[in-house]
Amino acid sequence: MEIKNPLAKLIVWIILLIWSVAVLYPLIWTLLDALKNNEQFFLNAPWALPKFPLLWSNFSYVWSKYNFSTYFLNSIVVTVGSTLLGMILAAMTAYILARYDFKGNKIIFTIYISSMMIPFALALIPLFFLLNDLHLINTWLGLILVYAALNLPFGIFLLVGFYKSLPKEIEEAAIIDGTTHYGTFFRVMLPLSQPGLITVMITNMLNNWNEYFLGVVLTNEPTKYTLPVGLAVMQAEMQYRVEWGPLFAGLLITTIPTLIVYIIFQRQIASGITAGAVK
């Protein structure tokens, strides 16, 4: 809706400006602190500007000394694997629940949605012993399977509404042309659901990249830590002498990829959420 009143436009502009400053200031402050050494933290105010020369070496120091290169690789593999697996499973399940009428359809959908309300801590101990029996502790595959399963209810919830909004004539035309049920899904319906799939993909990617709790529980070898776990380990290793510059540098290394992904796909996320809202 377009705002025509000049005063109302000014008020909205001021509100958006204040909100932008409130959002961007912590990121800018983190970047500035990542370019300092401990002396600047203790002799100057923590929010003061860094002195020259700027310590860009803090980033390479964290990358090599605290094994952030390994943590970054682990996060990439786990995030990409779990996101793709969760997305395809959610799409297939949502398509069946939305387009096929069979006994127990609504019950299955209700179970999926209800699982979003169950505190995950209740299932943590059984999950740990299950993965331990399957020899999936300290493995990429274990984290990928768990993350994909956790993201499944939300993906199904979003995509069911999207598939229901698509006209049935599309499937009927594909079947008349001789396409099988599998071909109809993979060659027709899946491409049409791209807005919803992108929303599920980005949401799952952000959740998986930033996940910390499961990473701590299901991995106890440094070579399998993800970035959030590695950042916590880094802080613990510093003990009583915290290297504030490298710590903020490590925080930025963990945060920047998610910001880039969100900035690139923000329009697709918004359109995907509303795509299945109306028919």
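Just a few scattered comments:
- At q = 0.33 Å⁻¹, base-10 log of I(q)/I(0) for the range 73-114 (Debye sum, equal scatterers on each alpha carbon): -1.06
- C-alpha long axis of helix 227-238 to longest principal axis of the chain, angle in °: 20 degrees
- Neighbour cut-off at most 15 other Cβ (10 Å), DSSP loop, trypsin sites (Lys or Arg not before Pro), the range 101-180: LYS103, LYS168
- The range 203-270, accessible area per residue, ligands and nucleic acids excluded (1.4 Å, Å²): 52 Å²
- Dimensions (Å) - the range 77-236, Cα atoms, principal axes, largest first: 62, 28, 24
- Extension gain, LEU124 back to VAL12 (0.36 nm per residue minus Cα-Cα distance, nm): 35.8 nm
- Added length on full extension, which subtracts the Cα-Cα distance from 0.36 nm per residue, PHE102 to ALA173: 23.4 nm
- Helical runs (DSSP H, four residues minimum) scored at -39500 (n - 2.57) apiece and divided by the length of the chain put the mean residue ellipticity at 222 nm at -23500 deg cm²/dmol.
- Solvent-accessible area assigned to carbon and sulfur over the chain amounts to 71 percent, based on a 1.4 Å probe.
- Computed over the chain: relative contact order in percent, which uses C-alpha pairs under 8 Å that are six or more apart: 31 percent
- Lysine pairs in the chain whose alpha-carbon atoms fall under 29 angstrom of each other, counting only those eight or more residues apart or on distinct chains, come to 12.
- By the Stokes-Einstein formula, at 1.306 mPa s and 10 °C, the range 100-156 with its Kirkwood radius over alpha-carbon pairs has D equal to 123 µm²/s.
- The convex hull defined by the C-alpha atoms of the range 12-123 has an orientation-averaged projected area of 13.9 nm².
- Each of the peptides 177-185, 155-163, 58-66 was scored by the mean count of other Cβ atoms within 10 Å over its residues; in descending order, highest first, they stand as 155-163, 58-66, 177-185.
- Converting the Cα gyration tensor eigenvalues of the chain into ellipsoid dimensions via √(5λ) gives semi-axes, longest first, of 41, 28, 15 Å.
- The range 79-152 and the range 1-66 have Cα centres spaced 38 Å apart.
The values are calculated or read from the model by the stated rules, or taken from the named source; none is laboratory data. Quick caveat: nothing in here was measured; it's all calculated off a predicted structure. Cβ coordinates were reconstructed from backbone atoms using ideal geometry, including for glycine residues, and neighbour counts include every protein chain displayed. Each accessible area value is taken on the protein alone, full model and side chains, heavy atoms only, with ligands, DNA and RNA left out. Shrake-Rupley method; radii C 1.70, N 1.55, O 1.52, S 1.80 Å.
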